[in-house]
1. Of all helices (runs of 4 or more DSSP H) completely enclosed by segment B:9-104, which ones contain at least 1 residues that are facing chain A (nearest Cβ under 8 Å)?
2. Which count do you get for residues in segment A:113-167 that are of a type in the set (Gly, Ala, Ser), within 25 Å of residue A:19 (Cα to Cα) and either touching a Gly at 6+ places or on another chain (Cβ under 7 Å) or assigned to a helix (DSSP H, G or I) (or both)?
3. Of the conditions (1) within 11 Å of the chain's Cα centre (by Cα); (2) away from chain B (no Cβ under 11 Å); (3) not polar (S, T, N, Q), residue A:164 fails just one. Which one is it?
4. Of the residues that make up segment B:23-40, is at least one hydroxyl-bearing (Ser, Thr, Tyr), surrounded by 13 or more Cβ atoms within 10 Å (Cβ to Cβ), farther than 30 Å from residue A:162 by Cα and not assigned by TED's automatic domain parsing to the domain that holds residue B:208?
5. I'd like the full set of residues that are within 30 Å of residue A:139 (Cβ to Cβ), out of contact with any Phe, Trp or Tyr (no Cβ under 8 Å at 6 or more places or on another chain) and surrounded by 18 or more Cβ atoms within 10 Å (Cβ to Cβ), limited to segment A:97-121.
6. Take residue B:221 and tell me if it is at pLDDT 90 or above and farther than 18 Å from residue B:132 by Cα.
7. Spot the failing condition for residue B:74; the list is (1) touching a residue at least 24 places away in the same chain (Cβ under 8 Å); (2) in contact with a Phe, Trp or Tyr (Cβ under 8 Å, 6 or more places away or on another chain), and only one is missed.
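The values are calculated or read from the model by the stated rules, or taken from the named source; none is laboratory data. None of these values were measured; they are calculated from a predicted model. Quick reminder, even Gly has a Cβ in these numbers, built from the backbone with ideal geometry, and neighbours come from all protein chains shown.
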Amino acid sequence: MKSPAKLALFEQTILPHLNAAYNLARWLTRNGQDAEDIVQEAYLRAFRYFDGFQGGDGKAWLLAVVRNTYLTWRRRERDVAKVPFDEETHGSVQLVEKAMAGSLRDCLELLPREYREVLVMRELEEMSYNEIAAVTSRPIGTVMSRLSRARRRLQDCVTARIKEASR
Amino acid sequence: MNCESAKPLIESYLDEELDAIQAGHVQEHLADCPSCAQTHAQFLEQRTDIRAYAPYYKAPAHFSDVIRGALRQADRGTAETWRWIAIAASILLAVSFAWNIARFQSRDSSAALTAQDVLSSHIRSLIGTHLLDVPSSDRHTVKPWFNGKLDFSPDVKDFASQGFPLIGGRIDYVDGRAVAALVYQRRQHVINLFTWPEAAPGDAEMARNGYHTVHWNSAGMTYYAVSDLGIGELRQFASLYKQ
């Protein structure tokens, strides 16, 4: 593919999913700066591999690249330093409303990554099982069972938090 | 539909992943079964909570431009890379052309220099007193004489019966190396046959300033026969030697 045409097509089909890419990266890294780094790297990667993109679901394709970029990044970072959560996430909780908000966010962030990502894709990105399966390279059955476990664990976590806050 | 079969489908129903018929069955069951309806309600509430309280992190305002810039740079980089590869390739091509031309030229010129050197040696041998180191018409005298003086042993032949008598030999210098010069006579003309171990490139014949040179390679040796003889007679000598 000729370069200018490639760039134009890429900007047209893949760039519009920037928010989805950032949202997933932000939930995966739990950190704004890392999310930006990963999304930028993911976009460059996606551009490099764009010739291999068969058309179709640009969002799922991009999110798969974001996720893979994250996994690579995490392997690289794992032993270097523990990345701190953004501080806003851990404000004090007093009101039930605030407790609910904080708890939900905290609990979602505390979920193991396998559960966190499917919940984010399903509930925030409103993606289908099929799309999530494509992004995670897992069978639909695995997506369903992960999603189900994720929901239960999130529920347990939130319930416990609220109980604690209202004591 | 009973609870047993409905329960595993509640989440798929929630996620709108059931076909219309299955979805209809689950919906009917939820209307009849308070337990399943509660489970469904809890999931629904969780969804509402997630969407209400778990932020959808939108990309920062400037970020789209950052990505765009990075992409353009990468795109330029790719183009640039290809351009550099193209430039490098053409440079390589030009260099290899120049190299080959230079090589041919230097081969040519070195061959020409050798021929020139041979001719100079021939002329020097005639105007000085140094035509013969070993004056002898006997090849069994001439050939051993070279032993220990050269790192090779020239093939000495006599063609007295064909009118090209051997009159001796000497050591000469061509291209900065010691070579054997066998000297033959044809009437009043002298023939210098220079030989040394090499397959030297160069023209088979050369005419310059009234002198002729016949050049050939044979069995790892190179030969230059030089004389003021006509080219026909020099060729005759050469072919005698080659036999």
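1. Numbers: elements: B:10-14, B:20-32, B:34-53.
Because the criterion is at least 1 residues that are facing chain A (nearest Cβ under 8 Å), the helices (runs of 4 or more DSSP H) in segment B:9-104 that meet it are B:10-14, B:34-53.
2. Of segment A:113-167, the ones of a type in the set (Gly, Ala, Ser) are A:128, A:133-134, A:137, A:141, A:145, A:148, A:150, A:160, A:165-166.
Those still in the list that are within 25 Å of residue A:19 (Cα to Cα) too: A:128, A:133-134, A:137, A:150.
Right, trim to either touching a Gly at 6+ places or on another chain (Cβ under 7 Å) or assigned to a helix (DSSP H, G or I) (or both) and you get A:133-134, A:150.
Count: 3.
3. Failed condition: (1).
4. Here is the first cut: in segment B:23-40, the residues hydroxyl-bearing (Ser, Thr, Tyr) are B:35, B:39.
Right, trim to surrounded by 13 or more Cβ atoms within 10 Å (Cβ to Cβ) and you get B:39.
Subset that is farther than 30 Å from residue A:162 by Cα: none.
Within segment B:23-40, none of the residues are hydroxyl-bearing (Ser, Thr, Tyr), surrounded by 13 or more Cβ atoms within 10 Å (Cβ to Cβ), farther than 30 Å from residue A:162 by Cα and not assigned by TED's automatic domain parsing to the domain that holds residue B:208.
5. Answer for segment A:97-121, where residues must be within 30 Å of residue A:139 (Cβ to Cβ), out of contact with any Phe, Trp or Tyr (no Cβ under 8 Å at 6 or more places or on another chain) and surrounded by 18 or more Cβ atoms within 10 Å (Cβ to Cβ): A:107, A:111, A:115, A:118, A:119, A:121.
6. Working: at pLDDT 90 or above: yes; farther than 18 Å from residue B:132 by Cα: yes.
Considered against the rule, which asks whether it is at pLDDT 90 or above and farther than 18 Å from residue B:132 by Cα, residue B:221 comes out as yes.
7. Every listed condition holds for residue B:74 apart from (1).
To keep it simple, each residue is scored yes or no on (1) aromatic (Phe, Trp, Tyr); (2) over 30 Å from residue A:157 (Cβ atoms); (3) in contact (Cβ under 8 Å) with a residue 40 or more places away in the chain.
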| residue | (1), (2), (3) |
| --- | --- |
| B:24 | no, yes, no |
| B:37 | no, no, no |
| B:43 | yes, no, no |
| B:61 | no, yes, no |
| B:79 | no, yes, no |
| B:95 | no, yes, no |
